[in-house]
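A short worksheet on the structure shown next.
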Amino acid sequence: LEAAGDRLQRGLEGALRAGGVTGRVQRVGSMWTLFFGDGPIVDYDAAKRCSTERFSVFFNGMLDRGVLLPPSQFEACFISGAHDDAAIDATIDAAHQVLSRGL
């Protein structure tokens, strides 16, 4: 799960860079969340400074592409053994498509 989480994190960070979108993937093991804002997310106050509007656009764009994420930036996503390389690739590809619009 750690390797899958690392692969997904690197892919999502690449999608952020490619789209020119400010954000960060906050991950511990197989649990992760994408935040749209500057700086590290070290506490709830830091998380609240991030853009929930951009997260909403990201959430809906991912949903339109068949990737179901929690609908709130303040919830976490989880990778499980059911998420094979194809599922991780599909998630990264969908993120590239959504983030390429520049949010």
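Readers should treat all values here as calculations from the given coordinates under stated rules, not as data from a laboratory. Note that the coordinates shown come from a computational prediction; the quantities given were computed from them, not determined experimentally. So basically every Cβ, Gly included, is an ideal-geometry build from the backbone, and we count neighbours across all protein chains shown.
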Handout entry: Dipole magnitude of the stretch 2-99 about its Cα centre (Cβ charges: Lys, Arg +1; Asp, Glu -1), debye to nearest 20
Key = 240 debye
Problem - Helix runs (DSSP H) in the chain reaching 15 Å along axis by Cα, Kyte-Doolittle at least -0.5 - result: 52-64, 85-99
Fill in the blank from the handout: In Å, the Kirkwood hydrodynamic radius from C-alpha pairs for the chain sits at 13.5 Å
Problem - the stretch 28-43 - phi-based ³J(HN,Hα) in whole Hz, Karplus 6.51/-1.76/1.60, Gly and Pro as x - result: 10, x, 9, 9, 8, 8, 9, 10, 9, x, 8, x, x, 9, 10, 6
Exercise for the section: Quick one: compute the contact order of the chain, relative version, from alpha carbon pairs under 8 angstrom and 6+ residues apart, as a percent. Expected result: 36 percent
Problem - Sites ALA47 and ASP85 - FRET efficiency at Förster radius 30 Å, r taken between beta-carbons, to 0.05 - result: 0.50
